[in-house]
Amino acid sequence: MVQKKVKKLLVITGPTAVGKSSYAVEVAQKMGGEVVSADSMQVYKFMDIGTGKITDSEKHNIPHHMIDVAMPNEDYSVGRYVVEARKAIDDICARGKLPIVTGGTGLYLNSLLLDHTFGGVPKNEEIRQRLKDFAERYGSAALYEKLKTADPQSASEININDTKRIIRALEIFETTGKPRSELKDDMTPAYDYKMMIIIDDREALYARIDKRVDKMVADGLFDEVRSLYEYKNCNSMQAIGYKEVIAHFDGAITSTEAVELIKQNSRKYAKRQMTFFRGMKQEKTFVDLKDLDIRSAEKLLNGEDYGN
């Protein structure tokens, strides 16, 4: 079913720690908007500090949707996200507000903004069970290597430990004979939207990431992860900031090593995000952080030339 298009939908994305959330609030205040998160880890309750989740005071009374909608032990799928996020967008539009989709999870953004076909590929229990058996025998890393060979694009979007999504991508490949990423190329826009990708100098961004991690630790990251330790084998705990601290609690690394690893993995993640954003085929506008102001969003929505 094709989603009814809306007149205006603004997307604000970019690498981790670039300042998407605060800017989205500014825009929402100025333009009468509400924020719809596109962050695959902020959907989980209780995972606040490590995901950089916006606080109530930072929201400045702007409604935020698709945050805290699942428990850490749930396997939250991109399909569920699309259904729930689209309901939120429909509600925002019905009230005459501007939906502002904000977050850095590329798969969530693509799946929400485009009428993809891969979700319609039926389940094949025989293929699925065979892949599950393979994963149990050889491990998720070996299964991930199969996906890298069959569909490198999807592999770049899926965590190596997310066996469920790896199996689904391989199932689609074996069922259709096409990579899921190829099927995505046939998608049409689900919305009339404008996408802004905030960018920054790499060294400045990495410094901001390091500072952000230090603040997370000071704000109680280790205590937060300790309170969630019972979920340590769940997919949610594969998030950066959580898996490293759990490794420390399990005696594999020191607390200092955990913090440095969080910084290192966050920087690598930012690099992967930028690679993904640059590869997105849909129309997009890159805005340098030093040039970013409230007019940036207004110009984009009004179709003014941005010079890039």
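Rundown of residues vs (1) loosely packed, with under 15 Cβ neighbours inside 10 Å; (2) assigned to a loop (DSSP other than H, G, I, E, B); (3) without any contact (Cβ under 8 Å) to a residue 60 or more places away in the chain, yes/no style:
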| position | (1), (2), (3) |
| --- | --- |
| Glu136 | yes, no, yes |
| Asn159 | no, yes, no |
| Ala169 | no, no, yes |
| Met195 | no, no, no |
| Leu205 | no, no, no |
Read through the list (1) free of Cβ contacts under 8 Å to residues at least 60 places away in the same chain; (2) crowded, with 16+ Cβ neighbours inside 10 Å; (3) not in a helix (DSSP H, G or I), then give the number of the only condition that Tyr76 fails. (1)
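State which residue is surrounded by the fewest Cβ atoms within 10 Å (Cβ to Cβ) when the search covers only segment 35-56 and only residues that are more than 17 Å from Tyr81 (Cβ to Cβ) and in contact (Cβ under 8 Å) with a residue 40 or more places away in the chain.
The first filter runs over segment 35-56 and keeps only residues more than 17 Å from Tyr81 (Cβ to Cβ), leaving 46, 48-50, 52, 54-56.
Within this subset, residues satisfying the condition of being in contact (Cβ under 8 Å) with a residue 40 or more places away in the chain are 46, 48-50, 52.
Details: Phe46: 14, Asp48: 19, Ile49: 21, Gly50: 26, Gly52: 20.
Among those residues, the one meeting the criterion is Phe46.
Between Lys123, Lys178, Lys211, which is outside any helix (DSSP H, G or I), surrounded by fewer than 16 Cβ atoms within 10 Å (Cβ to Cβ) and either of a type in the set (D, E, K, R) or at pLDDT 90 or above (or both)?
From the options Lys123, Lys178, Lys211, the qualifying one is Lys123.
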Tell me yes or no: at least one residue of segment 223-237 is surrounded by 19 or more Cβ atoms within 10 Å (Cβ to Cβ), small (Gly, Ala, Ser) and touching a strand residue (DSSP E or B) at 6+ places or on another chain (Cβ under 8 Å). yes
Exclusive hit being over 26 Å from Gln264 (Cα atoms), modelled with pLDDT of 95 or more and touching a Cys at 6+ places or on another chain (Cβ under 8 Å), set Pro72, Pro99: Pro99
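Quick one: is Val69 crowded, with 22+ Cβ neighbours inside 10 Å, touching a strand residue (DSSP E or B) at 6+ places or on another chain (Cβ under 9 Å), among the aliphatic types (A, V, I, L, M) and not assigned by TED's automatic domain parsing to the domain that holds Ile167?
Considered against the rule, which asks whether it is crowded, with 22+ Cβ neighbours inside 10 Å, touching a strand residue (DSSP E or B) at 6+ places or on another chain (Cβ under 9 Å), among the aliphatic types (A, V, I, L, M) and not assigned by TED's automatic domain parsing to the domain that holds Ile167, Val69 comes out as no.
A quick yes/no check of all residues on (1) of a type in the set (Asp, Glu); (2) surrounded by fewer than 20 Cβ atoms within 10 Å (Cβ to Cβ):
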residue	(1), (2)
Asn61	no, yes
Tyr81	no, no
Ala85	no, no
Ile89	no, no
Gly96	no, yes
Asp115	yes, yes
Leu131	no, no
Taking the criterion of being touching a residue at least 24 places away in the same chain (Cβ under 8 Å), more than 27 Å from Arg278 (Cβ to Cβ) and of a type in the set (Asp, Glu), would at least one residue in segment 81-89 satisfy it? no
Has segment 288-295 got any residue that is crowded, with 18+ Cβ neighbours inside 10 Å and under 22 Å from Ser181 (Cβ atoms)? no
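The values are calculated or read from the model by the stated rules, or taken from the named source; none is laboratory data. Worth saying up front: this structure is predicted, and the values here are computed from it rather than measured. Cβ coordinates were reconstructed from backbone atoms using ideal geometry, including for glycine residues, and neighbour counts include every protein chain displayed.
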